[in-house]
Every structure is written in C-alpha cells, then in structure tokens.
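Undergrad: I'd like to ask some things about the structure below.
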Amino acid sequence: MKCSVFVPSHITGFFEIVDHKDPLKKGSRGAGVVLDRGVITRVKINSSKDNVIIKINGKKNPEESPITRKTVDLMKKEFELENKLIKIDHMIQVPIGAGFGVSAAFALGTSFGIARALNLPVTHNKAASIAHLAEIEMKSGLGDVISELHGGIVLRLKEGAPGIGMIDKLISSQWDDLYIVTKTLGGIDTASIIGDPVLKKKINDVGRNLLFQLLKTPTPQKFMELSRKFAESTSLMSEDVQEMVEILNDESLGASMAMLGNTAFAISESLDTSLDDTLIAKIDGGGIRFIK
C-alpha cells in the first residue's frame, strides 16, 4: 500500500493571528501566494509491527520531522490504526524553516498519503483538518494548510481548519504569466514569533485591516504593496532581508519578506534578477494533488 502526494509551498505576505480554545477554529487571516515547488511525500504502509520511519530526501533525519510524527499520531488516533509499518519520505524542493510553509506541506502530505494508501473513509477537508491540527499543536504555522490545499494567490477570509476557515483567490488570469522570485538567508522559529505576546499584538495591530484593503483592490501588485507595508510596520524584517527586498522591488511588481523566514520574495513579470542564488517558481493554482 503506497501513495505519493505533491503539496505546493506557500509564502504568507501578511497575516493576523486569531486565537480560539478549539484548535480547529484557531488560525490566521491574511494573504499569501502558493508556489509550484514544494514537497513530494511518498507513503508506504505494510501490515507489520507498529512503527513509523520518517525520511527527508531519502535519508533518516536524526531529529526526524516533529510535524510529521505529530500528524501520524493524530491519524492513528482518529482511525485506530494498529500494527502498521508506516514509511514516510519527504522530498523537499524549497528551504525548510524559511517562510515556505514546509511544515504544513509535511503535515498535508502525511495525512493525505496515509488516507489514500489505506483507503480510509475520510473527506478532503477532514484529512486537511488533521494537518491543520498538527500545525496548531506544534506551533509551526497558522494558515499554510488551507492555502496549500487550494493554491493560487490566496486570501484567508476566516481563520481555522479547512471546512471551518474560508478563503478567496485572485482570478488566475491576473497571475498566469507571473513568477515568484525568492532568496533565502535562513530560517526563523515560527513558534518564537507567534507565541510572543508583544510581537503578536504588533502583528495583529498592523495586519487587521490589510485584508480589507486587498479585497477592495484584488491584484498581485496590491498584495505585494500591502505585504511590504506589513513587513516594515511590524519590524520583522532584518536589514539584510530589507536590502534584498529593495533590489527585488526595483525589478518586479513588488517585493517583501516571507512570513515567517529570513526570505525576500517578489512577484515578477520576468525571470531575470540581479540577485544570486535565487529560487524562482510559478504560481501554483491547483493545490495539493496525488501523483504517480
């Protein structure tokens, strides 16, 4: 029993944290863009002794992937899976911990992969809600799951897991011929940001009204303008990222910082950039999908 899943990565431009005692109703409102490069998760399951083997790019990771382990545990609890040898291998196409929503991609690839491999009685939203729950419990993200599920330039109108949260998207004709240009200097610990009460207040004070502005002018240019405003107003952007953003901004429709990572990103009409060591992708409009 095996299955392969592609989950696109996701960069958040701006957001507002919304708490709730029910983790399925907790999340974020905001906007982001989904890339056509992400994570391919291969799941193989045998009836054997109860065990889980997690690999990243074909190799066992000493630290494994906590979000993958959490997702497996939630799936086993939900569907009473026993005496299964579950092997999971994540093949990564984007940097980890740098604002690309990799933890959400791990969780989604795991929940969907297990569900498909075992032909479990589960809907699309139910499998995704388990991935969202894993993200919330691990404090590794708030809104990447629902965005990666659907693809496009995504507006998260209501917080929460798929089936509870609500999204809208820019019409694809606005972004069919555009590129996402990124350059990463390293990662940021998401939990240290979203769990800090001072930073959380600043994020929410700045991010609260930006979504309404984007709804009034739903274009890629406006999305980038508001993302830049958010990054600067929250003081989350380092000087090095700021320098890259300035360069990309002059070469594109707009540039900002990926939330949350030491990564600059831009939406551009061209592949050309003066920055070295960039990752360039197209916008992915399809969201998560099974592959052969």
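The values are calculated or read from the model by the stated rules, or taken from the named source; none is laboratory data. Owing to the predicted nature of the structure, the values given are computational and were not obtained by experimental measurement. Because the Cβ atoms are built from the backbone with ideal geometry, glycine has one as well, and the counts that use them run over all protein chains shown.
Undergrad: Confirm whether residue 15 is at pLDDT 95 or above, within 15 Å of residue 111 (Cβ to Cβ) and in a strand (DSSP E or B).
TA: Details: at pLDDT 95 or above: yes; within 15 Å of residue 111 (Cβ to Cβ): no; in a strand (DSSP E or B): yes.
Considered against the rule, which asks whether it is at pLDDT 95 or above, within 15 Å of residue 111 (Cβ to Cβ) and in a strand (DSSP E or B), residue 15 comes out as no.
Undergrad: Any idea how many residues of the stretch 74-97 are part of a loop (DSSP other than H, G, I, E, B), of a type in the set (A, V, I, L, M) and at pLDDT below 95?
TA: Within the stretch 74-97, the first condition is being part of a loop (DSSP other than H, G, I, E, B), and the residues that meet it are 80-83, 93-97.
Now restrict to residues that are of a type in the set (A, V, I, L, M): 81, 94, 96.
From what is left, the residues that are at pLDDT below 95 are 81, 96.
The total comes to 2.
Undergrad: Of the residues that make up the stretch 120-129, is at least one modelled with pLDDT of 95 or more and within 15 Å of the chain's Cα centre (by Cα)?
TA: Among the residues of the stretch 120-129, at least one is modelled with pLDDT of 95 or more and within 15 Å of the chain's Cα centre (by Cα), which makes the answer yes.
Undergrad: Then there's this: From the list 251, 246, pick out the single residue that is outside the structural domain of residue 144 (by TED's automatic domain parsing), free of Cβ contacts under 8 Å to residues at least 12 places away in the same chain and over 20 Å from residue 167 (Cβ atoms). Steps first, please.
TA: Working: 251 fails: free of Cβ contacts under 8 Å to residues at least 12 places away in the same chain.
Testing whether each residue is outside the structural domain of residue 144 (by TED's automatic domain parsing), free of Cβ contacts under 8 Å to residues at least 12 places away in the same chain and over 20 Å from residue 167 (Cβ atoms) leaves just 246.
Undergrad: Taking the stretch 144-183 only, how many residues are modelled with pLDDT of 95 or more, touching a strand residue (DSSP E or B) at 6+ places or on another chain (Cβ under 8 Å) and within 19 Å of residue 285 (Cα to Cα)?
TA: The first filter runs over the stretch 144-183 and keeps only residues modelled with pLDDT of 95 or more, leaving 144-170, 178-183.
With the extra rule that they be touching a strand residue (DSSP E or B) at 6+ places or on another chain (Cβ under 8 Å), the set shrinks to 144-161, 164-170, 178-183.
Then drop every residue that is not within 19 Å of residue 285 (Cα to Cα), which leaves 144-157, 165-170, 178-182.
Summing the residues that are modelled with pLDDT of 95 or more, touching a strand residue (DSSP E or B) at 6+ places or on another chain (Cβ under 8 Å) and within 19 Å of residue 285 (Cα to Cα) in the stretch 144-183 gives 25.
Undergrad: Tell me which residues, restricted to the stretch 56-73, are crowded, with 16+ Cβ neighbours inside 10 Å and either out of contact with any strand residue (DSSP E or B) (no Cβ under 6 Å at 6 or more places or on another chain) or assigned to a loop (DSSP other than H, G, I, E, B) (or both). Before you say what the answer is, go through the steps one by one.
TA: We begin by selecting, within the stretch 56-73, every residue crowded, with 16+ Cβ neighbours inside 10 Å; these are 56, 65, 67-72.
Hits for the stretch 56-73 are 65, 67, 69, 70, 71.
Undergrad: Then there is this: Test residue 42 against the criterion of being part of a strand (DSSP E or B) and not small (Gly, Ala, Ser), and give yes or no.
TA: Details: part of a strand (DSSP E or B): yes; not small (Gly, Ala, Ser): yes.
Yes; evaluated as a whole, the condition is true for this residue.
Undergrad: I need every pair where a residue in the stretch 265-279 that is within 14 Å of residue 241 (Cα to Cα) has its Cβ under 7 Å from the Cβ of a residue that is in a loop (DSSP other than H, G, I, E, B), sequence separation at least 6 or different chains.
TA: Pairs found: 265/258; 266/252; 266/254.
Undergrad: As an exercise: evaluate residue 204 against (1) outside the structural domain of residue 96 (by TED's automatic domain parsing); (2) part of a strand (DSSP E or B) and give the number of the one condition it does not meet.
TA: (2)
Undergrad: What is the number of the single condition among (1) under 16 Å from residue 16 (Cβ atoms); (2) assigned to a strand (DSSP E or B) that residue 290 does not meet?
TA: That leaves (1) as the condition not met.
Undergrad: List the pairs whose first member sits in the stretch 199-211 and is β-branched (Val, Ile, Thr), whose second member is surrounded by 17 or more Cβ atoms within 10 Å (Cβ to Cβ) and in a helix (DSSP H, G or I), and whose Cβ atoms are under 7 Å apart, counting only residues at least 6 apart or on separate chains?
TA: Note: pairs meeting the criteria are 206/230.
Residues are listed down the side, and each one gets a yes or a no for (1) surrounded by 16 or more Cβ atoms within 10 Å (Cβ to Cβ); (2) more than 14 Å from residue 14 (Cβ to Cβ); (3) at pLDDT 95 or above:
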position	(1), (2), (3)
214	yes, no, yes
228	yes, no, yes
232	no, no, yes
240	no, yes, yes
254	yes, no, yes
268	yes, yes, yes
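Undergrad: Can I ask one more? Scan the stretch 100-137 residue by residue and report those that are of a type in the set (Asp, Glu) and surrounded by fewer than 24 Cβ atoms within 10 Å (Cβ to Cβ). Let's see the steps before the verdict.
TA: If we filter the stretch 100-137 for residues that are of a type in the set (Asp, Glu), which is where we start, we get 135, 137.
Of everything in the stretch 100-137, just one residue is of a type in the set (Asp, Glu) and surrounded by fewer than 24 Cβ atoms within 10 Å (Cβ to Cβ), namely 137.
Undergrad: Further question: Testing residue 191 on (1) surrounded by 16 or more Cβ atoms within 10 Å (Cβ to Cβ); (2) assigned to a helix (DSSP H, G or I), one condition comes back false. Which one is that?
TA: Looking at each condition in turn, residue 191 falls short on (1).
Undergrad: State all residues of the stretch 160-175 that are assigned to a loop (DSSP other than H, G, I, E, B) and surrounded by fewer than 24 Cβ atoms within 10 Å (Cβ to Cβ); if no residue qualifies, say none. Full working, then the answer.
TA: From the stretch 160-175, those assigned to a loop (DSSP other than H, G, I, E, B) are 160-161, 163-164, 170-171, 175; that's our starting set.
Within the stretch 160-175, 163, 164, 170, 171, 175 qualify.
Undergrad: Something else now. Could you give every pair whose Cβ atoms fall below 6 Å, whose first residue belongs to the stretch 101-113 and is touching a residue at least 12 places away in the same chain (Cβ under 8 Å), and whose second residue is part of a helix (DSSP H, G or I) and among the small types (Gly, Ala, Ser), counting only separations of at least 6 or pairs across chains?
TA: 107/131; 107/134; 108/131; 111/127; 111/131; 112/127
Undergrad: Since residue 140 meets every condition but one in (1) touching a strand residue (DSSP E or B) at 6+ places or on another chain (Cβ under 9 Å); (2) buried (at least 23 other Cβ atoms within 10 Å of the Cβ); (3) at pLDDT below 95; (4) not charged (D, E, K, R), which condition does it not meet?
TA: Status for residue 140: all satisfied but (1).
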